[in-house]
1. I need a count of the residues in the range A:39-69 that are surrounded by fewer than 24 Cβ atoms within 10 Å (Cβ to Cβ) and either within 11 Å of chain B (Cβ to nearest Cβ) or in contact with a Lys or Arg (Cβ under 7 Å, 6 or more places away or on another chain) (or both).
2. Give the residue, chosen from A:158, A:146, that is surrounded by 24 or more Cβ atoms within 10 Å (Cβ to Cβ) and in contact with a Leu (Cβ under 9 Å, 6 or more places away or on another chain).
3. Restricting attention to the range B:478-520, and to residues there that are more than 29 Å from residue B:560 (Cα to Cα) and more than 14 Å from chain A (Cβ to nearest Cβ), which single residue is surrounded by the most Cβ atoms within 10 Å (Cβ to Cβ)?
4. When you check residue B:406 against the structure, is it buried (at least 24 other Cβ atoms within 10 Å of the Cβ) and farther than 16 Å from residue B:321 by Cα, yes or no?
5. Which one of these does residue A:27 not meet: (1) farther than 19 Å from residue B:139 by Cβ; (2) within 12 Å of another protein chain (Cβ to nearest Cβ); (3) in contact with a strand residue (DSSP E or B) (Cβ under 9 Å, 6 or more places away or on another chain)?
6. If you go through the range B:675-693, how many residues are facing chain A (nearest Cβ under 10 Å) and not in a helix (DSSP H, G or I)?
7. Would you be able to tell me the number of residues in the range B:47-75 that are touching a residue at least 24 places away in the same chain (Cβ under 8 Å) and at the interface with chain A (Cβ under 10 Å from one of its Cβ atoms)?
Amino acid sequence: MHFTINGQRYEADVDIRTSLLDLAREHLGLTGSKKGCDHGQCGACTMLVNGRRINACLTLAVMHQDDEIVTIEGLGSVENLHPMQDAFVRHDGYQCGYCTPGQICSAVGMLDEVAKGWPSHVTGDLTDVSLDDAEISERMSGNICRCAAYPNIVDAIREVAAKEEVSA
Amino acid sequence: MSLLDIFSSGDTRSLTMDEPHPSSLLDSGAQGVIGKPLPRVEGPLKVAGKATYAAEYPAENLAYGVLVRSTVSAGRIAAIHADEVQALPGVIAVVTDYDTFLRNAAQGGDTDAPVQGVEEIQYHGEIIAVVVAETFEIARDAAARLRVDYEPGEGRYDFERYRNEAERPPDSQVEAHSQQGDPDGAFAAAAVKVSAVYTTPSQNSAAMEPHASIAEWKEDGTLLLHGAYQMVASDQQQLADALGLKADQVRIISRYVGGGFGSKLGIAPESVAAAIAAKQLGRPVKIVMARQQVFDATVRRSNTEQHLKLGADADGRIVALIHDSLVSNLPDEDFFEPVGIGTHFAYAGENRRINHDVVRLNRTLSGSMRAPGEAVGQMALEAALDELAEATGVDPIELRRRNEPPQDPEKQIPFSSRALVPCMEKGAALFGWADRKAPGSDRRGEWLHGIGMAAAVRSNMLQKSAAQVTLTTDGRAIVETDMTDIGTGTYTILAQIAGETLGLPLDRVIVHLGDGKAPPAAGSGGSWGAASSGSSVYLACELVRERLAKKMGVDPAAMTLKDGRAIAENRAVDLTDLVDENIVVTGQIAPGKQEKLHTQASYGAHFCAVKVNAVTGEVRVERMLGVFAAGRVLNEQTARSQCLGGMTFGIGAALTEELVHDPRNGKIVNRDMAEYHLPVNADVPQLEVHFLPERDINANPIHAKGIGELGISGAGAAVANAIYNATGVRVRDYPITCDKLLAGLPD
């Protein structure tokens, strides 16, 4: 089977039961995406598939041969961090770091959803979707952080969103 | 070189805390990095997905193991039908060892193996075997197919049914039973009485990274295990003892740990299973526990039933303080949740009783979870104080002020430092405590609003800890210790301590953690990590400074180290010119008489504003603020994050977290992250954290105390007290869910 991850083409011979998450972690050496529950409950495995955030533990690798997949490794590198990665460092949007790649991929995908005008459970006016702390918290609630860096995660995302708005 | 050799050489600076340590190089340092809210040094690795956790190390010819659990709660294994799955393509072996597999996970800090032997079943979900295959998918499938026959036995599952058979456990962190004066008599005679029973359910640490081990045997017969551990040195001893090896034949590496909160203090069943399978198959084996197995077969915080009796005079001064607790654990276990640990010194009161009794149950092991004792004990004590405040008509903060003990009320020794009252006063001013209204009186539409507060106390401990520091000829410092960073910020604060004392910017300090071959540290637990491990690094750096001063021919006190240069007597020398060969020294701290001469603890005050829906009983935390005094803050940012985490654990404990045991078999019904309700982002407002400046010279040479567990202590009670203030309904059975509030809410 063939996969396109972070713009790179991979060939892998995997089981039809192999999840997209296990493909990355166990077959391709891309261990940045984390397994916290393997049941789509915690969000630590969040990746971007064709630009949308998904729980990579809940989808089979074989279904994604023609998709553009981005993992945390594809957003930025240690030497050249993505603005969201950089904001998480400066705002201490983590502690143990295990949920962090999922949080960051989720945040990037989430801001794109807001930009497209998709409402959430807490959106007051469905015709005018804007981002405030309540929206960020609601939209990021699929990513559990047991260390509970939530206030710092909100700070980091709010800052990146504001900068994107200025540059847009 | 063995560790003994290091310690017996002249290159070691040891300190036993027998006396106060009034001066600290951290106050006289010139680098200006200590205390600063600097970002974590390992941060870029974590956000880029390049920090390697236990299950992420490559190994040649790796096989995958999936654990198999017991589906009965008591009895014996009659047969494991291994042959039926062994024939499946890709399956390598079904491995078990009835005598050696761990029945219970280990308690933190133990130096011998936990209870072993899995032919006998003591609780539902006990790990009994591992299926090893060429891939994870094959192993998982075979593990699910594996048929096991049992001879079912009788167990004790229902707390209510066996509560009257509770027994007094052996003393551990605290005495199981303790009494002073005549508590029952004083309570009976008291002008004002509060007598209330509070219950807290079993809880799970639920660290995001599940327990995982990669076991690899070396040609010399030693075992290398990449694992997720909080206390590497004692974990190596436990693992070695379990496998019949010497401690130096086991090396654990645990560089990054995806959270612990107590659950990774001791070794868990996957470690021994991986080691045995790897030995048997002659190839490395990786086992990652499924999330459900983490819930079933590692460790829980015990459920508690706490009977608080507070007797006071008409002004609210406590004359009788009784805190009787029932907790639960497995038959073979000495650990008991030390519910009253903070009650011993939190408040004045001449007549006191603090008792703990254990109901023996066939439920998953209970052990340490974040702030064992205080976390649940103060959910009851601090709510009872709120009830006493109401009964006496005294403001809750004033009530606590009136019961502020001048010294430890039981040991009659001074507090090393105690800033509870300043914490409460600062918090009250910042939060707007003066705006608090009468219970149930602030209704806005269908929402009832209220605010509450609670005090936080958490004992401070120092543990033996060692670290090696190398100052290299190119002017860098390398810190090596088997200390861990479980998200607490250890990498960063150790770099800051070395940077401050050696005058180096943080990019010239390298910290290596989590390798069991490095000098043994205190490990991460009990909030002692920063102070204990930090002191060992401090002592090593102190010795490095003396070596540098000698090279310069000056008194160390007259030398300033800054930006990689040594400055003294109007001379400034680059460290690269001063150091002609690497300076390699070890620092070691040990607790001493100071902990007997002073009661040491950290203090804080929590304030919480909630709204409760009068129609549905839904509770929303609107604001929460904590003020803490915990000695020197080593890094304002990571310390704050620790408090955010603790306070959020408090929100979870107050509102949602509960392990539900089936009373018929003890089984944990909600053993995953969807059904065990952890606080999510939307449950937590933008919490506010403040620190009071403090130095504890009696605690250690860096004057810091524990923070990681202070934030959870009392936090849940502040939420509960706010709910009472909003609704006038007192729920004493945590968590405070809608159903428990509904009956008392207005129509």
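The values are calculated or read from the model by the stated rules, or taken from the named source; none is laboratory data. Since this is a predicted model, take the numbers as computed values, not measurements. Here Cβ is always computed from backbone atoms with ideal geometry, including for glycine, and neighbour counts include all displayed protein chains.
1. Of the residues in the range A:39-69, 4 are surrounded by fewer than 24 Cβ atoms within 10 Å (Cβ to Cβ) and either within 11 Å of chain B (Cβ to nearest Cβ) or in contact with a Lys or Arg (Cβ under 7 Å, 6 or more places away or on another chain) (or both).
2. A:146
3. Of everything passing the filter in the range B:478-520, B:482 is surrounded by the most Cβ atoms within 10 Å (Cβ to Cβ).
4. Criteria not met by residue B:406.
5. (1)
6. Residues that pass the stated criteria total 11.
7. The qualifying residues number 7.
Rundown of residues vs (1) at pLDDT 95 or above; (2) surrounded by 21 or more Cβ atoms within 10 Å (Cβ to Cβ); (3) of a type outside the set (A, V, I, L, M), yes/no style:
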site	(1), (2), (3)
B:540	yes, yes, no
B:566	yes, yes, no
B:578	yes, no, no
B:594	yes, yes, yes
B:599	yes, yes, yes
B:608	yes, yes, yes
B:611	yes, yes, yes
